[in-house]
1. Name the residue, out of 224, 187, that is open to solvent by less than 50 Å² (accessible area, probe 1.4 Å) and not acidic (Asp, Glu).
2. What are the pairs with Cβ atoms under 9 angstrom where one residue, in region 152-171, is on the phi > 0 side of the Ramachandran plot and in contact (Cβ under 8 Å) with a residue 12 or more places away in the chain and the other, located anywhere, is open to solvent by 10 Å² or more (accessible area, probe 1.4 Å) and aliphatic (A, V, I, L, M)? Sequence gap at least six, or different chains.
3. Could you check, for region 49-56, whether at least one of its residues is in contact with a strand residue (DSSP E or B) (Cβ under 6 Å, 6 or more places away or on another chain), open to solvent by 10 Å² or more (accessible area, probe 1.4 Å) and not basic (Lys, Arg)?
4. Of the numbered conditions (1) surrounded by fewer than 19 Cβ atoms within 10 Å (Cβ to Cβ); (2) of a type outside the set (Ser, Thr, Tyr); (3) farther than 19 Å from residue 191 by Cβ, residue 123 satisfies every one except a single condition; which is it?
5. Test each condition in (1) among the polar types (S, T, N, Q); (2) more than 30 Å from residue 39 (Cα to Cα); (3) open to solvent by 10 Å² or more (accessible area, probe 1.4 Å) for residue 194 and report the one that comes out false.
6. Could you check residue 229 against (1) within 20 Å of the chain's Cα centre (by Cα); (2) surrounded by fewer than 20 Cβ atoms within 10 Å (Cβ to Cβ) and say which number it fails?
7. Output the number of residues of region 168-201 satisfying the condition of being among the hydrophobic types (A, V, I, L, M, F, W, C) and within 15 Å of ligand 4 (Cβ to nearest atom).
8. Would you mind finding the one in 54, 58 that is among the β-branched types (Val, Ile, Thr) and away from ligand 3 (no atom under 16 Å from the Cβ)?
Amino acid sequence: GWARHDRRDHAVFETGRAEAERRRHRLAAAMPSALANAEFLAHYQPLYRLTDGVIIGVEALARWQRPEALLRPADFITLAEHTGMIRPLGRYLLEQACRQGARWRRAGHDLLISVNLSPLQLGEPTLAADVADILHRSGLPAGNLQLEITESAALTDGYAALPQLTDLGVRLALDDFGTGYSSLATLSWLPVTNAKLAAEFITDAGAPAVTEVLRHTIGLCHALGMTVTAEGIETQDQERLLRDLGCDQGQGYHFAHPMPAPALTERLGIAHDW
Ligand code: C2E
Ligand code: MG
Ligand code: MG
Ligand code: MG
């Protein structure tokens, strides 16, 4: 009957949960040695200027190469935040990205290197000093580095760190813009030079009401001296629409998936077929 069925479903659910919990424990325990063994790396997704299809930068996205699979941030970033590993891991990934950026720069590609920061990193008192140190050691000019922060992190943990970072000459981007809870007033004083429109927004860009919200959001950002990047562009129609709306940059599977550094190197100099 129903009762027995329920119990069995519940047991399956519990088993699944216990399994997931064991997997999290295994991954958490493996992280320190994985960091030492260079199992973490960045994949790079190009950022395209929408007016002419030129790659003006890349976003570094964390990956974990396990023997059995390549893990994405959803599998380990939150976990690393819970264990505190996000601090050494974040520093490591930032340094890798800056070193790669300096390498591309030496090869004649002057790219903006955009790196995601965890709210926990943003709350660290030594963040600006760490960033300055990493820039110095990697040889990447501060103006080539962009740090992506979320609205909620900027409003809480990151409050004090932001001016220290901009004083270094590093650029700040507001990631997943439009999904957070910051008021429009916040935008007027945050020292951010780029807004990244959340993919959720872009998916429905063609719906008339959404188009109007996007048009005015882009106009507002421009009026405040910010450039605008559309994330998650997956179709030609979205690309065309965002360009017509005056959006500055685009990123998404329509142009390119995130890829290892050597594959990205091959792409540089190849403009998207407009
Ligand atoms: P995000 O910063 O918003 O990065 C964009 C995510 O969207 C990436 O997922 C990217 O692969 C994915 N994406 C790109 N184009 C498309 C598209 O056309 N369609 C769809 N559906 N998705 C697209 P990914 O690499 O899995 O990263 C997920 C999130 O993990 C990132 O979101 C960021 O918040 C976080 N993350 C990634 N790397 C790092 C890191 O080094 N440090 C920290 N703290 N967080 C990171
Ligand atoms: Mg990002
Ligand atoms: Mg984003
Ligand atoms: Mg995100």
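The values are calculated or read from the model by the stated rules, or taken from the named source; none is laboratory data. Computed from a prediction, not measured in an experiment: that's the story for all the values here. Cβ coordinates were reconstructed from backbone atoms using ideal geometry, including for glycine residues, and neighbour counts include every protein chain displayed. Each accessible area value is taken on the protein alone, full model and side chains, heavy atoms only, with ligands, DNA and RNA left out. Shrake-Rupley method; radii C 1.70, N 1.55, O 1.52, S 1.80 Å.
1. So the residue among 224, 187 that is open to solvent by less than 50 Å² (accessible area, probe 1.4 Å) and not acidic (Asp, Glu) is 187.
2. 169/135; 169/142
3. Within region 49-56, the first condition is being in contact with a strand residue (DSSP E or B) (Cβ under 6 Å, 6 or more places away or on another chain), and the residues that meet it are 49-50, 55-56.
Going one step further and asking which of them are open to solvent by 10 Å² or more (accessible area, probe 1.4 Å), we end up with 49, 55-56.
Narrowing further to those that are not basic (Lys, Arg): 55-56.
Taking every residue of region 49-56 in turn, at least one turns out to be in contact with a strand residue (DSSP E or B) (Cβ under 6 Å, 6 or more places away or on another chain), open to solvent by 10 Å² or more (accessible area, probe 1.4 Å) and not basic (Lys, Arg).
4. Failing condition for residue 123: (3).
5. Only one criterion in (1) among the polar types (S, T, N, Q); (2) more than 30 Å from residue 39 (Cα to Cα); (3) open to solvent by 10 Å² or more (accessible area, probe 1.4 Å) is unmet by residue 194, namely (3).
6. Among (1) within 20 Å of the chain's Cα centre (by Cα); (2) surrounded by fewer than 20 Cβ atoms within 10 Å (Cβ to Cβ), residue 229 violates only (2).
7. Filtering region 168-201 down to residues among the hydrophobic types (A, V, I, L, M, F, W, C) leaves 168, 170, 172-174, 177, 184-185, 187, 189-190, 192, 195, 197-199, 201.
Keeping just the survivors that are within 15 Å of ligand 4 (Cβ to nearest atom) gives 173-174, 177, 195, 197-199, 201.
Residues that pass the stated criteria total 8.
8. Values: 58 fails: away from ligand 3 (no atom under 16 Å from the Cβ).
Of 54, 58, the one residue that is among the β-branched types (Val, Ile, Thr) and away from ligand 3 (no atom under 16 Å from the Cβ) is 54.
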